[in-house]
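One structure is given below, encoded as structure tokens.
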Amino acid sequence: MTMIEAIRDAHVVAMERDANVVAMGEDVGYFGGVFRCTAGLQKRFGVERCFDTPISELGIVGTAIGMAAYGLRPVVEIQFADYMYPAYDQIVSEAARLRYRSAGEFTCPLVVRMPTGGGIFGAQTHSQSPEALFTHVAGLKTVVPSNPRDAKGLLLAAIADPDPVIFLEPKRLYNGPFDGHFDRPSTPWSKHELGEVEDGVIEVPLGKAHIARAGAAATLIAYGTMVHVAHSAVDECGADVEVIDLRTLLPLDLEAIVASVNKTGRCIVLHEATLTSGFGAELAALVQAECFYALEAPVLRVAGWDTPYPHAQEHDYFPGPARVIRAIRAVLGG
């Protein structure tokens with residue numbers, strides 16, 4: 001399956017298992033979503049369980065929060081992560097805090113799906129990576145899959161979770177092939193993929209990272225599209241680098257990170273979002289605090305530019321293998 005097909009299949013599995021699961025958002029019903037992740041769901045489950053909404057992100061999420069509080073399990077699609085800002089107040093002030101402000105009387109089993117990141121020449125209004133805006137908020141879980149199998153398993157786990165989950169889908173990975181290089185045509189799925197996507201339920205728990213590649217010389221932490229960039233960089237430079245695919249940013253699998261860095265003594269954090277105040281800063285701070293006496297070099301970050309997302313220079317903006325290789329050589333002392 002492609003990631004699109006895996007996400008669609010997760011909807012089918014969840015909706016067949018639980019009549020309270022509904023899919024909603026702009027164009028998700030009749031058309032099947034701008035990226036076709038919900039294609040066929042309305043025909044299969046009816047307009048009461050897969051339906052189109054007005055073009056109002058604030059209204060979509062606000063309505064879904066009310067539905068979740070009263071027993072439904074809405075899976076909301078925001079067409080692009082860049083469009084979520086009108087809904088941010090509802091996500092932060094209502095969804096994330098409902099359990100706490102009601103002393104547990106109400107919960108909010110809500111999933112908000114958003115295509116994230118670049119790779120389609122969408123420029124600054126269709127390419128942002130806003131994960132740090134959600135990881136800063138207590139009460140939210142934040143998920144970023146890197147492959148189709150994880151996308152299905154993590155989405156099923158998110159739908160089953162009793163609290164709100166932000167589910168960020170790297171659009172560069174939607175249709176399959178990606179070898180980590182943004183400046184050349186795609187090639188077939190790399191050897192680092194996890195294989196076919198099983199039918200039925202796949203269990204990929206939230207909060208559990210995956211050691212995507214074992215190594216002893218340094219630890220490279222990545223998520224989403226950047227996992228593929230990490231693999232390409234390590235392949236090309238030949239260093240013995242361990243690659244951690246976080247899968248879930250919150251809850252964070254700090255135990256896996258600490259075990260790896262204590263073993264390797266060196267750490268690089270890689271993400272597509274802008275550098276300043278990005279989630280990589282939190283990871284670097286945690287590594288420094290938890291692994292200080294094991295570190296043999298400063299923790300390095302490789303990230304996007306601190307600029308609005310470019311169009312013509314998209315391939316330069318992306319942290320590609322060349323930039324990661326420079327960081328690997330620097331952290332290994334040349």
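The values are calculated or read from the model by the stated rules, or taken from the named source; none is laboratory data. Only a predicted model underlies this, so the values are computations on that prediction, with no experimental measurement involved. Glycine also receives a Cβ, built like all others from the backbone with ideal geometry; neighbour counts cover every protein chain displayed.
Quick look at the values:
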| quantity | calculated |
| --- | --- |
| Hey, residue 124 more than 28 Å from residue 104 (Cβ to Cβ), buried (at least 18 other Cβ atoms within 10 Å of the Cβ) and of a type in the set (S, T, N, Q) or not | no |
| Residue satisfying all of: in the range 17-38; under 14 Å from residue 79 (Cα atoms) and of a type in the set (Gly, Ala, Ser); surrounded by the fewest Cβ atoms within 10 Å (Cβ to Cβ) among these | 32 |
| Filter pass, residue 76 being modelled with pLDDT of 95 or more, buried (at least 19 other Cβ atoms within 10 Å of the Cβ) and part of a helix (DSSP H, G or I) | no |
| Residue identified as of a type outside the set (Gly, Ala, Ser) and closer than 15 Å to residue 227 by Cβ among 149, 99, 113 | 149 |
| Flag for residue 94 being among the charged types (D, E, K, R), out of contact with any Leu (no Cβ under 8 Å at 6 or more places or on another chain), free of Cβ contacts under 8 Å to residues at least 40 places away in the same chain and assigned to a loop (DSSP other than H, G, I, E, B) | no |
| Cβ-Cβ under 9 Å pairs, at least 6 apart or on other chains, the range 59-71 side more than 12 Å from residue 94 (Cβ to Cβ), far side in a helix (DSSP H, G or I) | 59/86; 59/87; 59/90; 60/87; 60/90 |
| Residue match in the range 52-64 (condition: crowded, with 22+ Cβ neighbours inside 10 Å, within 20 Å of the chain's Cα centre (by Cα) and not in a strand (DSSP E or B)) | yes |
| Helices (runs of 4 or more DSSP H) fully within the range 243-334 counting 2 or more residues that are of a type in the set (A, V, I, L, M, F, W, C) and closer than 11 Å to residue 221 by Cβ | 254-264, 279-290 |
| Hits in the range 24-51 (condition: polar (S, T, N, Q) and part of a helix (DSSP H, G or I)) | 42 |
| Single residue of the range 275-313 satisfying the filter (in contact with a helix residue (DSSP H, G or I) (Cβ under 8 Å, 6 or more places away or on another chain) and among the acidic types (Asp, Glu)) that is farthest from residue 120 (Cα to Cα) | 290 |
